[in-house]
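Everything on this sheet refers to the single structure shown next.
The values are calculated or read from the model by the stated rules, or taken from the named source; none is laboratory data. Bear in mind that the values here come from a model prediction, so they are computed numbers and not experimental data. Heads up, the Cβs are rebuilt from the backbone with ideal geometry, glycines too, and the neighbour counts pull from every protein chain shown. When the accessible area is computed, the model is the full protein with side chains, heavy atoms only, and any ligands, DNA or RNA have been set aside. Shrake-Rupley method; radii C 1.70, N 1.55, O 1.52, S 1.80 Å.
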Number of protein chains: 2
Amino acid sequence: MTPRVAFQGERGAYSEAASRVLAPQAEPTPCRLLGDVFDGVTAGRADLGVVPIENSQAGSINETYDLLLAHALHITGEHDQRIRHCLLALPGRPLERLRRVFSHPQALAQCDAFLRAHRLEGVPAYDTAGSAKLIAEQHLTDAGAIAGAHAGEIYGLAVLAEGIETNPANYTKFLAVARDPAPHHHPAKTSVVFTTANVPGALYRVLGALASRSINMTKLESRPGRTVPWEYVFYADMEGHADDPVVAAALAEVGGLCTFLRILGSYPRVMPPG
Amino acid sequence: MTPRVAFQGERGAYSEAASRVLAPQAEPTPCRLLGDVFDGVTAGRADLGVVPIENSQAGSINETYDLLLAHALHITGEHDQRIRHCLLALPGRPLERLRRVFSHPQALAQCDAFLRAHRLEGVPAYDTAGSAKLIAEQHLTDAGAIAGAHAGEIYGLAVLAEGIETNPANYTKFLAVARDPAPHHHPAKTSVVFTTANVPGALYRVLGALASRSINMTKLESRPGRTVPWEYVFYADMEGHADDPVVAAALAEVGGLCTFLRILGSYPRVMPPG
């Protein structure tokens, strides 16, 4: 049976494009909410979930971190998806005949200079791929949509312009999550979440457990805890696999220094874009 | 002359509500883009800017961090603004007569359970306050808007329901930025940005400069640098004023360990929301 990969959004969303990279053999299955992706994988309705964790312009996606903590899934992979916005329209409609362009407000803002240069009116919509679907389904001849090229293919729209975002350094990091850990892989990366009491030096000692073993941390982010006041939750990525003896020893030491530690997963490491 | 405080968004936006807390004597002045707020303060068209830096659900707002780095302004204050969504409509229109509700897609998603329970159709719009303005200006009798209570007052709409978001722990942290540093204040908080080479232990040594002096860090976040590959940019908040001798000594040591260090500002510390 073909495995299924759950993603949040409409068919043609950037998260579907990421799903095709992270799980090329699987059938992408759209979900309405991000929580539906986690629930679907947990319940076995999908074999894998693909969820956004960080956008280079908008920042970390806290909802995904909360869902990772609330579910017992493992991170099994990561992919940096370039967000390259296209202007899509019905085939045969030239740019000069368009008046309105539908998309998510964030995408409209990212393409503000292009829209102004072509005197196009931005119309807010729920999401990028949904805007492409709207143009196709309602056969809107005076309107375009801002979405990925992939959405154009799915809904049979033509690409009138590509890479129309003002700042091209626009990436979203997606994670794959599954019920079982990824097979051992080298080079690997490990994601953990831990909490420390808010005393000076608590985090310093945790980082010491990594630094003294020359383990490279590739991400560190703190958030105030929601349950215990003055306690902090840290999300960290480090190079190496949690089963590597050196990493395992470091994590054992970290566990002794923290009020809480969970290994979210070890998975193949990919190089950051650009 | 009345001082002016610039904020991004329509009149009645949550950022205007935050502006009234951070600068009660000033005249709030709406700006179209976040960059316009920074440009306006830099050029002297406004005395203060109020900008969102982090939302408890959506995470850090990287665009604001980028703008802080690109401008020579000082952080002079912070405020945690509760995001409490209201259903607004023309006065005299009962909830049962509404069919559609306009708002930003994120606000619609946050109030999804309420909308479903009342069989209301969500309609995406550019922003929350702009939706309230639309209802009032176009005198839409079958439509409501999701926005803050403050937007209702400004556009003469009635509040049909308050606190309709599914998760009430919804706060946005706003910063005040100005051309001059804030007057000395106790207790204070200091925000800095620094870069380290991506070698194991670089961050560890930086945190050691704080920990060895019992300086409490209240936030730490890393982002990959955009210019030099494998270099990391860290944003950190700590307790204390940059002029306090202990903090000043720590920052001098940090400066020697980093490839770049900038003090974004020292300002009055407020307690995080319960």
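Filtering the range B:202-240 to residues that are assigned to a loop (DSSP other than H, G, I, E, B), modelled with pLDDT under 80 and in contact with a helix residue (DSSP H, G or I) (Cβ under 9 Å, 6 or more places away or on another chain) leaves only B:226.
Please tell me if residue B:88 is surrounded by 18 or more Cβ atoms within 10 Å (Cβ to Cβ) and either more than 21 Å from residue B:34 (Cβ to Cβ) or more than 13 Å from chain A (Cβ to nearest Cβ) (or both). Against the criterion (surrounded by 18 or more Cβ atoms within 10 Å (Cβ to Cβ) and either more than 21 Å from residue B:34 (Cβ to Cβ) or more than 13 Å from chain A (Cβ to nearest Cβ) (or both)), residue B:88 qualifies. Scanning the range A:10-39 for residues that are touching a Cys at 6+ places or on another chain (Cβ under 9 Å) and surrounded by fewer than 21 Cβ atoms within 10 Å (Cβ to Cβ) gives a single hit, A:39.
Residues in the range B:58-72 that are open to solvent by 10 Å² or more (accessible area, probe 1.4 Å) and in contact with a helix residue (DSSP H, G or I) (Cβ under 7 Å, 6 or more places away or on another chain): B:58, B:63, B:67, B:71. Checked against (1) part of a loop (DSSP other than H, G, I, E, B); (2) within 14 Å of another protein chain (Cβ to nearest Cβ); (3) out of contact with any His (no Cβ under 9 Å at 6 or more places or on another chain), residue B:194 passes all but a single condition, namely (1). Flag not set for residue B:177, criterion: open to solvent by less than 10 Å² (accessible area, probe 1.4 Å) and part of a helix (DSSP H, G or I).
The residues on offer are A:67, A:115, and the sole one that is within 14 Å of chain B (Cβ to nearest Cβ), farther than 26 Å from residue B:134 by Cβ and hydrophobic (A, V, I, L, M, F, W, C) is A:67.
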